[in-house]
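For reference, the structure is listed below as structure tokens.
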Amino acid sequence: MDPVEKKPLYHFLPGKNLLSFGTAGCNFGCLFCQNWEMSQTTKSKTIQNIQQAVNRLSITSTPQQIVDLALKNGTSGIAYTYNEPAIFIEYACDTARLAKKQGLKNVYISNGFESDEAFAYIGRYLDAINIDLKSFRPQFYRKICKANIEPVKENIKKFLKSGVETEVTTLLIHGYNDSDTELQEIAGFLYTISSDIPWHVSAFYPDYHMLDVPPTPYHDLLRAYQIGKKAGLKYIYIGNVSQTEHSDTRCPRCNEVLVEREGYTTRVRKLNMQKGVCGRCGEHIYGIWN
Ligand SMILES: [Zn+2]
């Protein structure tokens, strides 16, 4: 059970828990992966090795068992996360369909590399998605992530327009994707889709094949925050650090604190959750609140 804020999703059922699960493998190969023991294991081990590990842990579950577990624990929904859910899309879709019937929400945490077919297959069962926009440089996607940026940009638009509550995360890696120009390009791109998109600028910690890069200095996160504000984005959050400055949701019109966050403790303040508006000035606040 994970708080929804941990995904991170800040405009979706604040303070609620989601049953969160993943499998193994990824269609990306990010050198900085913060979850590589799950995501990259299929590249270093044989299928037999993985099967043995799975058998040892007895962690296989049917879609029905997952839904039952979510209901038993009184969660609001299920998050397909930790590794790229497109890797296990049939399993996710079978689970999501059952979950929806039981009134549970479905949340995808994704690298945004879904094909048109994958989008058509699972999109209608999803309520929210957090997509990583890891850089704005095709060569970064190619060299560091072993992938291609264009589908990711398209999918951010596509999911948002289809009514799935869409948030975007950028992990700032010092010297790789954090120049003023590149951050301006990312923020500008999101703004052209919608100024409502919540943008999470998140701190990197040395991991996997990027152990020689230092953790993101806090002032770089602040700089990204300022750039996002200047670009016109309404909701920017600094994450993956102990400082809680810029983790609250504020009204873009009157600046009232609507949702207050400290670590994973969340308090709804001036937000009218029924109407999805600021309780002080009535401004519409993007999100799924109930
Ligand atoms: Zn307001």
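Computed from the coordinates by the stated procedures, all read-outs in this text should not be read as laboratory data. Just so you know, these numbers come straight off a predicted model, no measurement behind them. All Cβ positions, glycine included, derive from the backbone under ideal geometry; neighbour counts span all protein chains shown.
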Sorted by average packing, counted as other Cβ atoms within 10 angstrom per residue and highest first, what order do 160-167, 180-187, 62-69 take? 160-167, 180-187, 62-69
Report, in whole Å, the centroid distance computed from the Cα atoms of the stretch 1-57 and the stretch 260-285. 30
Which of the residue pairs Lys105/Lys275; Lys234/Lys275; Lys158/Lys270; Lys7/Lys105; Lys16/Lys158; Lys6/Lys161 have a Cα-Cα distance greater than 22 Å in the structure shown? Lys158/Lys270; Lys16/Lys158; Lys6/Lys161
In order through the stretch 228-233: 3J(HN,Hα) via Karplus (6.51 cos²θ - 1.76 cosθ + 1.60), integer Hz, x for Gly, Pro: x, 4, 4, 6, x, 5
Would you tally the net charge around Ala79, using a Cβ to Cβ cut-off of less than 10 Å, leaving Ala79 out, and scoring K and R as +1, D and E as -1? +2
Fewest to most neighbouring Cβ within 10 Å: what's the order for Cys254, Cys30? Cys254, Cys30
Among Ile78, Ile89, Ile236, determine the one that fluctuates most according to a GNM of the chain built with springs between C-alpha atoms less than 10 Å apart. Ile89
For Asn240, distant residues with modelled amide H under 5 Å away: Ala203
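For the chain, state the semi-axes of the equivalent ellipsoid (square roots of 5 times the eigenvalues of the alpha-carbon gyration tensor), sorted largest first and rounded to whole angstrom.
Whole-Å semi-axes of the equivalent ellipsoid: 28, 25, 17.
With +1 assigned to the C-beta of every Lys and Arg and -1 to the C-beta of every Asp and Glu, and no other charges, what is the dipole magnitude of the chain about the Cα centre in debye, to the nearest 20?
The dipole magnitude comes to about 560 debye.
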Once the other residues with Cβ under 12 Å from the Cβ of Gly282 are scored (Lys, Arg +1; Asp, Glu -1), what is the net sum? +2
